Every structure is written in structure tokens, then in C-alpha cells.
Amino acid sequence: MRLLLAALVMALSFAAQAGVKIEHWVAPSGARVYFIESHDLPILDVEVDFPAGSAYDPAGKAGLAGLTAGLLEDGAGDLDEEAISSRLVDIGAMLNGQAGDDRAGVTLRTLAYPKERDAALALLQLILGKPTFPEAVVAREKTRSIAAIQEADTRPDAIAAKRFAAAIYPDHPYGISATTDSVERIGRDDLVAFHRDHYAAPTAVVSIIGDVTRGEAEAIAQSLTAALPAGQPEAPLPEVKLPKAETIKVAHPAAQSHIAIGLPAVRRGDPDYFALLVGNYTLGGGGFVSRLTKEVREKRGFAYSVYSYFAPRKLEGPFQIGLQTRRDQAGAALKVADDVLARFIKEGPTAAELAAAKQNLINGLGLRIDSNAKLLGYLSTIGFFGLPLTYLDDFPARVEAVTARQVREAFARHVKSENLVTVIVAGD
Amino acid sequence: MNIKKAWPIAVAVVALIAAPAAHANPFEKRLANGMRVIVKEDHRAPTAVHMVWYRAGAMDEKDGYSGVAHVLEHMMFKGTQKVKGGEFNRIVAEVGGRDNAFTSLDYTAYFQIVPKAALPKMMALEADRMANLRLTPNDFASELKVVMEERRQRTEDNPQALVWEALNATAYRAHPYRRPVIGWMDDLEHMTWQDARDWYRRWYEPNNAFLLVVGDVEHEEVFREAARTYGRIKPHALPVRKPQNEPVQIGIKRVTVKAPARLPYIAMAWKVPRLTDVEHDREPYALEVLAGVLDGSDAARLSKSLVRTQKIAQSAGAGYDGVVRGESLFVLDGQPAEGHTVAELEAALKAELKRIADEGVTADELERVKTQVVAAEVYKRDSMMAQAMEIGRFEASGFNWRDYDKLLEKLRSVTAGEVQAVAKKYFGDGSDDRLTVAVLDPQPLDESQPKEKSGVAVRH
């Protein structure tokens with residue numbers, strides 16, 4: 001009882017001081033800007049994202065989005081890759097371009113002292129607006145990318161991930177992974193065109209956190225995006241169709257089976273999201289205290305790692321259960337996981353489990369936003385997917401409002417057994 | 001130009017690092033039972049990182065018992081005489097926290113990251129399991145299976161991890177660093193619950209541990225709470241630790257690992273000095289800077305020369321950690337690019353060292369490494385856990401956190417001449433005698449032949 005009270009008091013005190021103030025505006029360039037001012041440390045973090053993730057790879061050229069994002073810093077304006085990397089390193093800045101499923105972009109972390117900051121931002125501006133994709137670099141990075149794909153295709157975890165994506169997203173870009181052939185087909189012209197069409201000011205989302213003022217942030221956002229291409233109007237992604245339930249087995253000599261169970265489940269901003277989040281905590285999201293961990297790991301010693309998660313995307317992102325177990329007990333471990341899931345879908349969380357889930361999610365919010373690096377993750381996600389600016393402030397109330405019935409109904413709507421796909425790599 | 005650019009950072013950061021020191025932050029107190037308490041106040045967010053570090057890691061194990069330090073780490077979550085199994089995890093989750101533990105060659109550490117109001121509860125629970133762990137044969141048998149799954153996941157099915165395991169087991173004949181932290185599978189198969197209990201009784205003592213708290217706390221309050229919790233535990237005499245120094249290596253050693261993979265992989269390790277005296281040592285700092293020149297940033301030599309220019313490597317890296325209880329290796333590793341062999345890559349990696357031994361490093365390169373060191377210190381301030389890890393690892397390796405700023409200062413004082421001198425001394429003529437090379441020989445995936453590395457089914 002004392003503990004419960006303490007938890008409630010903490011939740012209240014957190015709500016009182018949460019107050020992460022997100023400022024939002026549209027730059028003259030058309031880019032949407034999200035900003036948190038924080039002067040505690042001499043650090044500035046900037047992320048610029050575009051709807052340019054692998055979902056936008058042209059047919060037959062899977063891997064183009066990733067190559068484009070990765071090669072932005074390998075030549076821009078008059079600078080070659082060596083000049084760019086040494087300039088960044090000389091000022092202690094870290095810059096990274098990468099593509100996810102929906103979005104692609106560049107993150108920059110720099111010291112906020114004017115000299116270092118201005119030099120770092122000038123490089124970021126050049127990289128975003130004027131990448132040169134030198135022919136020789138494209139050829140080299142294609143070769144490295146192909147070697148990495150071939151290497152990944154020998155690893156049971158990577159094989160399971162690719163087969164799972166392909167199986168739950170048949171005929172959809174979310175299910176397509178880069179292959180040797182698809183990367184072979186990519187030429188420099190494709191990178192140039194992909195950048196021109198997808199790295200545009202009107203679709204850019206600029207996230208800024210750190211030791212700058214609102215006025216400085218406005219100037220930074222505008223200068224980063226003013227010279228971006230006009231771009232093409234965003235082509236909508238095809239709708240996600242649900243797969244039919246099936247079990248796919250892939251032979252592999254590994255000591256452990258890699259098992260994935262799941263389906264396309266939920267979009268960003270779905271009204272059921274909080275019910276799924278709270279429910280999944282009990283199912284397999286809550287680390288040591290989840291049902292999957294208790295049944296698969298603690299009671300039976302079947303696995304070191306077992307978990308479940310919802311990964312919302314622009315369109316229906318995956319729900320997945322994952323585990324690894326000694327290959328000769330794959331069947332037994334899978335049955336336990338299936339049973340835990342089926343029972344959870346049917347019965348939902350108990351009152352005690354629901355309360356525990358809410359306590360963890362609400363009380364733990366402060367830990368998830370206690371650094372600029374973590375806040376940047378939320379800021380850019382809120383910005384890119386157009387979530388409410390009050391998302392973090394509303395979080396405790398939204399979690400608190402979830403009922404056991406809402407969890408059951410949300411799971412019934414989003415995790416239907418007739419659509420559940422199971423992939424087993426290296427099972428006996 | 002580059003040198004001038006780097007100066008303002010260095011100056012500013014010296015100020016940043018020095019400022020807390022002026023207010024005596026971190027703070028330290030020794031409890032009557034010998035346990036040290038280190039508190040670093042950081043009031044940016046209402047969070048506290050609570051860690052207990054034991055100076056007992058895999059290097060303190062004996063042959064036949066490899067992995068027991070790590071198995072005991074798992075068992076520490078199974079409950080005490082007062083607190084049921086799983087209850088600690090449940091309470092941490094309830095307050096919104098995150099908890100875990102890790103075992104290394106040198107130490108074992110437990111941590112919770114919690115809203116600050118939950119700190120006293122964490123201290124009470126952690127102190128409880130320091131003294132009152134309840135080990136049962138059933139819990140042990142079940143958890144041992146989990147640890148074997150962990151070994152399969154981290155090592156057996158990970159070709160590069162197998163190479164590293166083979167590298168250490170080959171480089172060292174006498175020193176305990178030859179054994180893997182996770183343990184040999186055969187040792188795990190024969191481990192008993194009494195082995196874990198003995199380990200716990202031997203090493204889990206307040207006088208073999210230190211408490212570290214970083215966060216939005218008042219140090220005097222933490223000291224008082226520590227005295228009330230950890231302070232009540234009686235100390236015991238610790239076993240004698242033998243040095244087990246590695247005899248001088250008198251010739252190159254080579255080992256090959258065959259595993260399903262596509263690309264070969266090579267790891268090369270030279271025996272070099274570790275840091276023993278923060279104030280007077282010079283070579284460990286020069287070796288650290290050398291590793292930075294080779295692989296400290298995107299502009300470093302190995303990527304630039306081997307991956308981007310010569311294109312003979314898919315990846316290439318360098319590493320040196322002089323802050324250890326045991327011995328230090330200087331390591332180069334990499335995957336050859338398609339169409340190139342490990343022999344070519346081995347020669348090319350060695351050539352990079354020879355180039356530095358012959359020609360030295362440029363002022364720009366040296367300054368770049370120092371800039372990275374300085375910037376990393378600033379960025380670390382954004383994470384309480386990163387700050388805690390910095391202090392904890394340094395302390396657990398036998399150093400005093402008060403010397404950490406000195407270590408940074410010494411790193412910044414390394415000269416180009418010193419870098420060239422260590423390159424010559426440790427990687428020049430005759431250095432092959434202190435070299436161990438481990439190579440991954442990739443095997444095609446023969447899907448009809450599941451591998452059974454351990455050869456024995458688990459019976460526990």
C-alpha cells in the first residue's frame with residue numbers, strides 16, 4: 001500500500017513538472033519545424049527527416065532509399081567525402097544519414113559553441129541540399145552493400161527478419177528487402193533522382209533540441225531547408241492487406257531456432273494505440289515482468305530473450321513476438337508462446353496486471369525523456385507523423401484511461417489469429 | 001587551421017569538467033564496513049541511476065567453473081529470504097524504472113534507473129540481496145538453461161564472437177582472460193547450485209563492492225541511506241587473488257574458426273602494457289591515441305585507407321583498452337572486401353601500423369583524436385547512465401574516480417613523437433612474437449547438417 005501511494009504521488013509530481021515545451025512552426029521554405037529549447041548543456045541536436053524511407057524504393061530497386069541516405073555525406077557541393085568527414089571530426093560533430101521504413105534523414109549532434117555549431121550546420125545544409133553522389137563512391141558502396149546483404153543472408157536472425165517481413169506484407173513495399181539483384185540495378189542517376197524527388201522542403205521535418213534560442217532555431221531551420229529541391233508530391237503508399245495465417249519453416253544449421261510470430265497491426269495515431277501499448281506491456285513488452293518472459297524464460301528456461309512489440313508506422317506497422325531457443329525444443333517453446341498470446345487475446349490483462357502496466361508506463365515516462373538524445377527521438381516522431389504537440393503531456397492521462405475491456409477489444413481488432421504468420425528459422 | 005579550431009573546444013570543456021570539481025562533485029564516503037559510496041549529483045532530470053559494482057568477474061573464476069560469475073548474476077534476481085523471486089523486478093517496474101546487471105572479465109554490476117523518489121527502496125532491495133540471497137536447486141536448474149540459451153545466442157551462432165573467444169583463448173595461456181565470460185558450454189553443463197552459492201559467499205561482500213549513485217539526489221541523504229542499508233552488512237575477509245600474469249609470448253600464434261558465414265574475418269591482437277599509474281605512465285595514453293588515429297572517427301586511417309581508398313576491406317577497426325584489472329591487447333580487425341583474402345587484409349592492416357612507425361602521425365590527426373575525446377566528454381553529460389558507467393568502469397578496474405580528469409588531461413598531452421614511438425616499439429621489428437591472429441574461415445550453409453557444438457544435450 002505504501003508503494004502504491006508513493007507511485008501515485010510520483011505520477012502527480014511528474015505531471016506537475018513534465019512540461020516539455022515543444023514549439024512548432026512552418027519555415028518560409030515550407031518545412032515543418034519542431035523545437036525544444038534546453039540550455040543545460042552546450043550541445044545541439046538536429047534531425048531532418050523526409051518521407052524517403054525504404055517504402056518509397058522504386059519497383060525492382062530495393063535499397064535505393066538506404067543508399068541515398070547513407071551517401072549524402074559522401075560528397076556534397078565542392079567537398080569530397082574525406083573533406084566532409086575530416087571537417088566534422090575536427091569540430092567534434094557527429095552526423096549520420098539513414099533510412100527507415102517510412103522516413104529517411106540525417107541526424108547531427110554538435111557542440112553548441114557558435115564556431116563549432118555554425119560549421120556543423122553549414123555542412124549539414126550542404127549535405128542535405130547538394131549531395132553529389134560521386135560515381136566511384138556509388139560503385140564502392142554498392143559493392144559493400146551487396147557484400148553486407150550476402151553476409152546477412154547467412155545469419156539466422158537476419159533471415160528470420162526478412163522472411164517475416166515478406167510474409168506479413170505480401171505485395172507491399174514494407175515486405176520488400178534489398179537483394180543483390182536490386183542493388184545491382186541501382187545507378188547514380190537513381191540516387192540523384194531519388195534525392196530530387198524525396199528530399200524536398202515542403203515534406204521536410206526539422207527537429208531541433210538544445211542550446212539555441214527560438215530565434216536561432218528559426219534561422220537554422222530555414223537555412224537547412226531553403227535550398228532543398230521542390231520535390232514531387234508525395235505518392236501515397238499502397239494499402240496494407242492482411243496476410244493469411246501460415247507457418248513458414250526455413251532450414252539453417254544454427255544451434256538456436258529463431259522464431260517470429262505476428263502480423264501488420266497498427267498505424268501511427270490509431271485511437272487504439274494506447275490500449276495496445278498498455279496491453280502489450282503485460283503480454284511481452286514489460287521485460288522481466290511480462291507473461292511471455294515468465295512462461296517461456298522464467299518457468300521453463302526455453303529462451304534468454306523473448307518479447308513482443310507493436311511498431312506503428314505510417315500504415316499498419318507490425319506486431320511481433322520474437323524468441324530464440326535451442327533448435328530441438330522449438331516446437332515446445334512455440335506452443336508456449338502461442339498459448340500465452342491466445343489466452344491474452346481472449347482474456348486480456350487481469351486488474352492487477354493492468355494497474356502494474358499503467359504504473360510502469362506512467363511513472364517511467366520521466367526516464368524515457370531525461371536526456372536531449374531521448375527527447376529528440378520523441379520530437380522527430382511527433383513531427384514526422386503529425387502526432388499532437390501535447391503527446392508527452394497527455395501520455396499519463398491517455399495511459400491511465402485505458403480499461404481492460406479496451407485492451408481486449410483493441411487486441412481483437414488488431415491481432416486476429418486468422419492473420420498471424422509464424423516464421424521458424426533453424427527449427428528441427 | 002585544425003589545431004586552432006580545436007582549441008576553443010578543449011578550453012571550454014576543461015571549464016565544463018572542472019566546474020563540478022570545484023563543488024566537490026562527485027562526493028565519496030566510506031562506510032564502516034569498508035564499502036565505498038560515490039555520489040554524483042546531476043539535477044537535470046528527476047532521475048537516479050543506482051549501481052552496485054562487485055570487484056569479482058570472470059577473471060576471478062577457476063578452471064572448470066567458467067561462467068559462474070555470470071550465472072550468479074542471473075541468480076541474484078531469484079529472491080532473498082525476505083523478497084520473493086521476481087519481486088525485485090516487479091517493484092522496479094512498478095515505480096517506472098528499468099533494471100539489469102552485467103558481468104565482465106573484471107567485475108559484476110547491478111543497476112536500476114528509477115524516478116528519484118524510488119532510490120531508498122532500491123538501496124534497501126540491493127543491500128538485501130548483497131547479504132540474504134536465497135539460492136535453490138530448482139531455480140538454479142531453470143536459470144542455467146537460460147544462460148545456455150544466452151551462450152547459444154551470443155556465441156555459438158555468432159561467427160565473429162567465436163573468433164574472439166578463440167583469440168582470447170589462444171593469446172593467453174596462463175592469464176584468466178583466456179576464459180570467456182559466458183563460460184565454456186561444458187563447464188555450464190557441469191555447474192551445480194553449490195558452485196553459484198560458493199561464488200556468492202566468497203565475493204559478495206560490502207568490502208568487495210562500491211555503491212554508485214548518479215542523479216537528482218542530495219549526496220548527504222544518499223550517504224545516510226547507504227549507512228542504514230548497506231552499512232549494516234558485516235564485512236568478511238576476501239580470498240587471496242593470485243596475479244596469474246601471462247608469461248612473455250615467444251612466437252606468433254594462429255587459430256582458425258570454421259563457421260557458417262559468407263565473408264571471412266580476421267582479428268589480430270598484440271600484447272601491450274595496460275595503464276597502471278595514471279600520473280606517471282605514458283605509453284598507455286600513446287596507445288590509446290594510436291587506436292584513435294587508426295579508428296577513432298570517420299576520418300580515421302583504417303576506414304579511409306583500407307575501405308575507401310584501397311577498397312580491400314569491407315570493414316576495418318582498431319581497439320585498445322588500457323583501463324583493466326588484467327592485461328591489455330591492442331587489436332586490429334576487419335573483413336576483406338569481395339575478391340580479397342584475409343592474408344591481404346592482414347598485410348594491409350600491418351602496413352598501416354608500419355606506416356605510423358616509420359612516418360609518424362600528423363598534427364591534424366593528433367588534434368582530431370583529442371577533439372573526439374573532449375567532445376565525447378561533453379556528450380556524456382547528456383546521459384546519467386553514461387556518466388555512471390564512466391565512473392564505475394574506472395573504479396572497478398582498480399582506479400580512483402578522482403584521477404579520471406587527470407587521465408583526460410594526460411590523453412590530451414600525448415605528442416606525435418610518443419605515438420610513433422609506441423608504434424615502433426610494439427608493432428615494429430620482432431613484434432610478431434607477441435601477436436595472435438584469429439581467422440574466420442567461412443563455411444557454406446549446409447542446411448542438412450545442424451551443428452551441435454556442445455555435442456551433449458542439456459540434462460539439468
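Here are the numbers:
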| quantity | calculated |
| --- | --- |
| Within region A:246-425, percent of DSSP bridges classed antiparallel, to nearest 5 | 75 percent |
| Among A:ARG267, A:ARG196, A:ARG144: highest mean-square fluctuation, GNM of chain A, C-alpha pairs under 10 Å | A:ARG144 |
| Two-decimal log10 I(q)/I(0) for chain B, as the Debye equation yields it once each C-alpha is a single scatterer, q = 0.07, 0.08, 0.10 Å⁻¹ | -0.40, -0.53, -0.84 |
| Probe 1.4 Å, accessible area per residue of region A:308-428, Å² | 38 Å² |
| Equivalent-ellipsoid semi-axes of region A:246-425, from the Cα gyration tensor, Å, largest first | 29, 18, 17 |
| Cα gyration tensor, region A:2-225 - rounded (a/c under 1.5), prolate or oblate | oblate |
| Kirkwood Rh, angstrom, chain A [1 / mean 1/r, Cα pairs] | 23.3 Å |
| Solvent exposure ordering (accessible area, 1.4 Å, most first) of B:TRP270, A:TRP25 | A:TRP25, B:TRP270 |
| Rg(Cα)/(2.2 N^0.38 Å) for region B:213-296, N = residue count | 1.92 |
| Set A:LYS241/A:LYS314; B:LYS29/B:LYS410; A:LYS294/B:LYS380; B:LYS304/B:LYS350; A:LYS294/A:LYS346; B:LYS242/B:LYS354 screened for pairs whose C-alpha atoms are more than 25 Å apart | B:LYS29/B:LYS410; A:LYS294/B:LYS380; B:LYS242/B:LYS354 |
| Rg over Rh, two decimals, the protein assembly as shown (C-alpha only, Kirkwood Rh) | 0.93 |
| Length-normalised contact order of chain A in % [C-alpha pairs under 8 Å, at least 6 apart] | 22 percent |
| Cα extents of region A:27-68 along the three principal axes, largest first (Å) | 47, 25, 12 |
| Relative contact order for region A:2-225, counting Cα pairs under 8 Å that sit 6 or more residues apart, in percent | 35 percent |
| Per residue value of the accessible surface for region A:2-225 (all protein chains in place, 1.4 Å probe), Å² | 37 Å² |
| Fraction of beta bridges assigned by DSSP in the protein assembly as shown that are antiparallel (%, nearest 5) | 80 percent |
| Two-site FRET efficiency, A:VAL192 against B:ASN400, from Cβ-Cβ distance with R₀ of 41 Å, rounded to 0.05 | 0.15 |
| Accessible area of B:GLU279 in the full protein assembly, 1.4 Å probe (Å², nearest 10) | 70 Å² |
| Region B:169-266 - convex hull of the alpha-carbon atoms, volume per residue in Å³ | 229 Å³ |
| Helical segments meeting 27 Å axial Cα length and Kyte-Doolittle 0.5 threshold in chain B (DSSP H) | B:2-22 |
| Cut-off under 5 Å, modelled amide H: who pairs with A:LEU323 long-range | A:ILE259 |
| For B:SER315, residues with placed amide H under 5 Å, excluding near neighbours | B:GLN335 |
| With all protein chains modelled, accessible area of B:ARG151 [1.4 Å, Å²] | 10 Å² |
| Peptide A:160-168, shielding by other chains (average Cβ, 10 Å cutoff) | 0 |
| Sulfur and carbon atoms: percent of accessible area, the protein assembly as shown [1.4 Å] | 53 percent |
| Gyration tensor (Cα) of region B:311-460, equivalent ellipsoid semi-axes in angstrom | 34, 26, 16 |
| Accessible area buried at the A-B interface, both sides summed, 1.4 Å probe (Å², nearest 100) | 6100 Å² |
| Net +/- balance of residues flanking B:PHE27 in space, Cβ distance below 15 Å, scoring K and R +1, D and E -1 | -3 |
| Cβ crowding within 10 Å averaged over residues, with B:245-251, B:397-403 ranked highest first | B:397-403, B:245-251 |
| Of all DSSP beta bridges in chain B, antiparallel share, percent nearest 5 | 75 percent |
| Relative contact order [Cα under 8 Å, 6+ residues apart], chain B, whole percent | 22 percent |
| Residue-wise HN-Hα coupling along region B:248-263, computed from phi with Karplus coefficients 6.51, -1.76, 1.60 (Hz; x: Gly, Pro) | 4, 6, 10, x, 5, 10, 10, 9, 10, 10, 9, 7, x, 5, 9, 9 |
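The values are calculated or read from the model by the stated rules, or taken from the named source; none is laboratory data. Keep in mind that this is a model prediction, so the values were computed, not measured. Here Cβ is always computed from backbone atoms with ideal geometry, including for glycine, and neighbour counts include all displayed protein chains. Keep in mind that these areas ignore ligands, DNA and RNA; they rest on the heavy atoms of the full protein, side chains included. Shrake-Rupley method; radii C 1.70, N 1.55, O 1.52, S 1.80 Å.
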